[in-house]
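The values are calculated or read from the model by the stated rules, or taken from the named source; none is laboratory data. All values reported here derive from a predicted model rather than from experimental measurement. Backbone-built Cβ (ideal geometry, glycine too); neighbour counts: all protein chains shown. Heavy atoms of the whole protein, side chains included, go into the accessibility calculation; ligands, DNA and RNA do not. Shrake-Rupley method; radii C 1.70, N 1.55, O 1.52, S 1.80 Å.
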Amino acid sequence: MADTLGQLLPVYVLADESGSMTPYVGDLNEGMKSLHVALLGEPMAAAKVRFSVLGFASGVTERLVLADLRSEAELPRLSAGGGTDYDAAFGALLERIPQDVTTLKSQGYRVHRPAVFFLSDGQPTCGEEWRQTHRRLVDRSVTPAAPNIIAFGIGEARAETILSVAT
């Protein structure tokens, strides 16, 4: 059996950047900055994490492609504007996560099940179709690298919606 370069945990921050997030975006940016500083202060942990930031509103913007945080001077800043398209958000992960895991494995790493930190204050503006995309994303028989999703409701987020996102 070939030696591996080590074990990695892909971590994705999936942050709502819709217009309703305007009051919270400054706090989110400060929180990401603090997380970055904290991880850099723990070199063993930082070495085992690959970090990506995706912002979503009416579409998805990849703010940081899966990266080693030790080589990043700072994390990208989030902004606010647009709708709250959960379907686009989960669709982007459904495409991105399997590609990232395949790439990391081809580089010689053993890859842990990815973690997604989902942050939103709102109800999806895309109707209910997001639920099917979400189901495909977290179903390990459909998506072998299905992530664990930790969901955080911000402000007036409806608990039942946030709970339905979390795995």
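Does segment 16-27 hold any residues that are open to solvent by 30 Å² or more (accessible area, probe 1.4 Å) and either free of Cβ contacts under 8 Å to residues at least 24 places away in the same chain or in contact with a Leu (Cβ under 6 Å, 6 or more places away or on another chain) (or both), and which are they?
Within segment 16-27, 26, 27 meet the criteria.
Out of the residues in segment 64-109 that are polar (S, T, N, Q) and touching a residue at least 60 places away in the same chain (Cβ under 8 Å), which is surrounded by the fewest Cβ atoms within 10 Å (Cβ to Cβ)? Full working, then the answer.
Kept after step one, since they are polar (S, T, N, Q), are these residues of segment 64-109: 71, 79, 84, 99, 102-103, 106-107.
Still in the list and also touching a residue at least 60 places away in the same chain (Cβ under 8 Å): 79, 84, 107.
Working: 79: 15, 84: 23, 107: 11.
Across segment 64-109, the extreme among qualifying residues is 107.
Where residues in segment 145-167 are open to solvent by 60 Å² or more (accessible area, probe 1.4 Å) and hydrophobic (A, V, I, L, M, F, W, C), which of them is farthest from the chain's Cα centre (by Cα)? Steps first, please.
Residues of segment 145-167 open to solvent by 60 Å² or more (accessible area, probe 1.4 Å): 148, 150, 152, 156, 158-160, 163, 167.
Retained after the next criterion (residues that are hydrophobic (A, V, I, L, M, F, W, C)): 150, 152, 159, 163.
Values: 150: 9, 152: 12, 159: 19, 163: 16 Å.
Filtering first and then ranking leaves 159.
Within segment 51-61, is even one residue surrounded by fewer than 20 Cβ atoms within 10 Å (Cβ to Cβ) and either touching a helix residue (DSSP H, G or I) at 6+ places or on another chain (Cβ under 8 Å) or farther than 22 Å from residue 155 by Cβ (or both)?
Yes.
Starting from residues that are hydroxyl-bearing (Ser, Thr, Tyr) and within 28 Å of residue 31 (Cα to Cα), keep the ones in segment 91-132 and report whichever is farthest from the chain's Cα centre (by Cα).
The qualifying residue farthest from the chain's Cα centre (by Cα) is 125.
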